[in-house]
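Any read-out appearing in this document is the output of simple, stated calculations on the displayed coordinates, not a laboratory observation. Predicted, not measured: the structure shown is a model, and the values here were computed from it. Quick reminder, even Gly has a Cβ in these numbers, built from the backbone with ideal geometry, and neighbours come from all protein chains shown.
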Protein chains: 2
Amino acid sequence: MTQATSRQATVGGLADSEDGGPADDATPEAASTRERILNVAIDLFTEKGFDGASLREIAERLDVTKAAIYYHFASKDDILMALHMRLHEFGKDALGKMTDEPVTLELWGELLGQLVGQMLAQRKLFLLHERNQAALEKLHRDDHDAEHDDIQDRFRRVLADPRVSLRDRVRMACSFGAAFAGLFMSGDAFEGTSNQELGELLRDAMRDILAG
Amino acid sequence: MTQATSRQATVGGLADSEDGGPADDATPEAASTRERILNVAIDLFTEKGFDGASLREIAERLDVTKAAIYYHFASKDDILMALHMRLHEFGKDALGKMTDEPVTLELWGELLGQLVGQMLAQRKLFLLHERNQAALEKLHRDDHDAEHDDIQDRFRRVLADPRVSLRDRVRMACSFGAAFAGLFMSGDAFEGTSNQELGELLRDAMRDILAG
DNA sequence: GTCTATATTTCGATAGAC
DNA sequence: GTCTATCGAAATATAGAC
């Protein structure tokens, strides 16, 4: 029996520090193989798509064999799931602010302002998700112990909440899209800009939409 | 030799009406097999991703065999290219307004206002592109007779134009993202809304960003 | 224009030695 | 924890009959 257990992916680098599992690598020096696999996977899954990138490529880039990967992960899906959990970890703080009350434009603004900071810090992870929607949906479909507080689901539920006016809900979607486009759809057009400057410009634009 | 010639995909349903090629199907009655393949491909490539969807599935859904598909298209890539050209056809009118002059916020607003209408009318085609970035990039990489006036490239070039202030360029990206999110990232949250109403709400939000 | 049948490749995954 | 070797499945694509 290997360490890789099906669909029990941990965040990796954040948790995973008990029993005999691969050692947690909070210490910076040398990333564990597990972490190195995840880091290469982020790049390859984003560049070529989850289906377009093969385990062979990941292995080659790390100079190990496919079999080594299967020691750390039960399946290719399991790698994607681990990355998904990693993102979820970053998003859950902002999400915590959402109760069952109807979301106001003010609350949405707060939420998104916080999220923009995390998106700037975790650009690659968010980009991975944007570009692999189909694979992630399949992952959720196949996952039967669905702990369904997925970030995307929560967002969509808010945007569909009939207690909030259509106009406001459209504004909420637009403000999110505005931030998103500034970060991910512009290629490297804003590459020379510091995270702080870009973050402020985006927050300004968001404010104009929500105050509009 | 079959009709399918490599990488010379025509728009399909809009052009393609000369020589012995499969008949143009401007007449509504029954869509040609070629058109039916493209229509099914839009759905499957969007739902499962370009790599995740197989030609077998497309064939099954049309109740024909894979070989029939290869009569109409030289390769799987060729199908995606045909769909890409179809989108390009719709976008080129708006793009025509872009000269080599620096793009002003006003011009950008006009451009996007027009584009929103086309996005509403061709939702599926735009969604296909959003969800298959990796496959489309590979398509462009492999395409050596690159006629490089791709819509996305043009947009990015504008957003990177140093003659325009960073603030304005970020606003342009945001306004596009706002429209985009309202249309594609909200799932079916706005499904009950008419295209006209949604279009107006989106244009209002865009105006607020560009006027901000 | 569509079919049957098959060639060819690549992938995800496993077994077992070290 | 990583390796070599291999399996079985599924995919793209082709050949040739009808």
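A few notes on this one:
- Long-range Cα-Cα pairs in the stretch B:153-212 (distance over 20 Å), rounded percent: 35
- Segments A:190-197, A:85-92 sorted - mean Cβ within 10 Å per residue, highest first: A:85-92, A:190-197
- From the alpha carbon centroid of the stretch B:154-212 to that of the stretch A:157-212 is 9 Å.
- Relative protection proxy for B:109-116, B:149-156, from highest mean packing down: B:109-116, B:149-156 (other beta-carbon atoms within 10 angstrom).
- Number of partner chain Cβ atoms within 10 Å, mean per residue of A:45-53: 5
- Pairwise centroid distance, computed over Cα atoms, of the stretch B:45-68 with the stretch B:72-145, Å: 23
- Whole-percent P(r), the stretch B:47-138, all Cα pairs, 5 Å bins from 0: 2, 11, 18, 18, 17, 13, 8, 6, 4, 2, 0.
- For the stretch A:66-182: lysine pairs under 25 Å (alpha-carbon distance), excluding those fewer than 8 apart on one chain: 10
- For the stretch A:99-212, the normalised intensity computed at q = 0.10, 0.20, 0.23 Å⁻¹ comes to -0.34, -1.18, -1.34 (log10 of I(q)/I(0), Debye sum over alpha carbons, equal scatterers, no solvent).
- Computed FRET value (nearest 0.05) for B:ASP145 with A:SER165, which takes r as the C-beta separation and R₀ as 45 Å: 0.35
- A label point on B:GLU147, set 7 Å along the Cα-to-Cβ line, lies at 5.2 nm from each of its counterparts in the other copies, closest listed first.
- In nanometres and ascending order, the distances from the B:GLN114 label point to those of the other copies are 4.3 (point 7 Å from Cα along Cα→Cβ).
- Measuring nothing but alpha carbons in chain B and taking Rh as the Kirkwood radius, the Rg to Rh ratio lands at 1.00.
- Mean Cα-pair separation over length for chain A, i.e. relative contact order, pairs under 8 Å, 6 or more apart, %: 21
- Extents of the protein assembly as shown, largest first, come to 70, 53, 43 Å (Cα atoms, principal axes, whole angstrom).
- 10 Å Cβ neighbours from other chains, averaged over peptide A:201-209: 6
- Each copy carries a label point for A:TYR70 at 7 Å from Cα along the beta-carbon vector; from one copy to the others these points are 3.0 nm apart, nearest first.
- Cα Rg, Dmax (largest Cα-Cα span) when computed across the stretch B:85-130, Å: 11.4, 32
- Inter-chain shielding of A:127-134 (mean C-beta neighbours from other protein chains, 10 Å cut-off): 4
- Rough spin-label spacing in nm, given labels placed 7 Å along Cα→Cβ, for B:GLN196 and A:GLU200: 4.4
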